[in-house]
Amino acid sequence: MAIAVFLALGWLLFFRTPGPGEVSAEARSAARAAGCGDLEQPVIANPSRTHLAPGESFDYPDRPAAAGPHDASPLPPDPHVYGIPIPETRAVHNLEHAYVIVYYRPTADGGLAQETIDRLATIARDQSRVIMAPYPALPDDQAFALLAWNTRWMCPATITADQAVTMATSFIDAYRGTSVAPEAPHGLLGPLFQK
């Protein structure tokens, strides 16, 4: 009996991928106060996970893309924060591997305040499986987006730094490294085999 318990515990610790958590009530309250949209999940029904040819483009019908066909090569785990837009087809591959992506419209394009961008960048730099990048093509009324596989939350430029940080922290805690993604890491061994 003790051996069975030990084996079950070992399996849970080393091989089981945790399920997604819940976004906190505080984050949902911050989103309402900021005029954000609803947390979309799923964004699309039965998204394709087809690999595109290296460098092949894809026109995602609903952007920023939270799922769908993607480049065979994901973005590297470092850097966490990009100063220029990233290839969306590669970013979607990272989402498939249980990353969270923080997109923003740059200040110069009518987007987030620089203080908000800086505070979000600090969070992204300190987290594994989190990437942050500008996304100038966000819908006109949006300037901030949080993405996990087939999960998206978007907000207008009027969001404050405190609201954005509250939302991002809770979203990362709820979705990063979880089974919301079809190719999430497994248990404690997941980081050893990170793509």
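The values are calculated or read from the model by the stated rules, or taken from the named source; none is laboratory data. Quantities reported herein were computed from a predicted structural model and do not represent experimental measurements. All Cβ positions, even for glycine, are placed from backbone atoms using ideal geometry, and neighbour counts span all protein chains on display.
Please name all residue pairs, on different chains or six or more residues apart, with Cβ atoms under 6 Å, provided the first residue is in the stretch 95-118 and is closer than 20 Å to residue 174 by Cα and of a type in the set (Val, Ile, Thr) and the second residue is assigned to a loop (DSSP other than H, G, I, E, B) and modelled with pLDDT of 95 or more.
Partner pairs satisfying both residue conditions: 100/176.
Taking the conditions exactly as written (of a type in the set (D, E, K, R) and within 14 Å of the chain's Cα centre (by Cα)), does residue 105 satisfy them or not?
On the way: of a type in the set (D, E, K, R): yes; within 14 Å of the chain's Cα centre (by Cα): no.
No: the conditions fail for residue 105.
Exactly one of (1) under 11 Å from the mean Cα position of the chain (by Cα); (2) in a loop (DSSP other than H, G, I, E, B) is unmet by residue 152. Its number?
Residue 152 satisfies all of (1) under 11 Å from the mean Cα position of the chain (by Cα); (2) in a loop (DSSP other than H, G, I, E, B) except (2).
Can you find a residue in the stretch 94-102 that is under 26 Å from residue 163 (Cβ atoms), aromatic (Phe, Trp, Tyr) and buried (at least 17 other Cβ atoms within 10 Å of the Cβ)? Let's see the steps before the verdict.
Here is the first cut: in the stretch 94-102, the residues under 26 Å from residue 163 (Cβ atoms) are 94-95, 98-102.
Filter again for aromatic (Phe, Trp, Tyr), leaving 99.
Now restrict to residues that are buried (at least 17 other Cβ atoms within 10 Å of the Cβ): 99.
Yes - at least one qualifying residue is present in the stretch 94-102.
Keeping to the stretch 17-27, report how many residues are surrounded by 12 or more Cβ atoms within 10 Å (Cβ to Cβ) and either over 17 Å from the mean Cα position of the chain (by Cα) or of a type in the set (Val, Ile, Thr) (or both). Spell out how you get there, then give the answer.
Let us first name the residues in the stretch 17-27 that are surrounded by 12 or more Cβ atoms within 10 Å (Cβ to Cβ), namely 17-18, 20-21, 23-24, 26-27.
Next, only the ones that are either over 17 Å from the mean Cα position of the chain (by Cα) or of a type in the set (Val, Ile, Thr) (or both) stay: 17, 23, 26.
Of the residues in the stretch 17-27, 3 are surrounded by 12 or more Cβ atoms within 10 Å (Cβ to Cβ) and either over 17 Å from the mean Cα position of the chain (by Cα) or of a type in the set (Val, Ile, Thr) (or both).
Taking the conditions exactly as written (buried (at least 23 other Cβ atoms within 10 Å of the Cβ), aliphatic (A, V, I, L, M), over 12 Å from the mean Cα position of the chain (by Cα) and not in a strand (DSSP E or B)), does residue 120 satisfy them or not?
Numbers: buried (at least 23 other Cβ atoms within 10 Å of the Cβ): yes; aliphatic (A, V, I, L, M): yes; over 12 Å from the mean Cα position of the chain (by Cα): yes; not in a strand (DSSP E or B): yes.
It is true that residue 120 is buried (at least 23 other Cβ atoms within 10 Å of the Cβ), aliphatic (A, V, I, L, M), over 12 Å from the mean Cα position of the chain (by Cα) and not in a strand (DSSP E or B).
Table: residues versus (1) in contact (Cβ under 8 Å) with a residue 24 or more places away in the chain; (2) over 14 Å from residue 102 (Cα atoms); (3) touching a Lys or Arg at 6+ places or on another chain (Cβ under 7 Å); (4) among the acidic types (Asp, Glu).
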site	(1), (2), (3), (4)
143	yes, no, yes, no
165	yes, no, yes, no
168	yes, no, no, no
173	yes, no, no, yes
179	yes, yes, no, no
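Looking for whichever is in contact with a helix residue (DSSP H, G or I) (Cβ under 7 Å, 6 or more places away or on another chain) and at positive phi here; the options are 68, 55. Which one fits?
On the way: 55 fails: in contact with a helix residue (DSSP H, G or I) (Cβ under 7 Å, 6 or more places away or on another chain).
After ruling out the rest, the residue left standing is 68.
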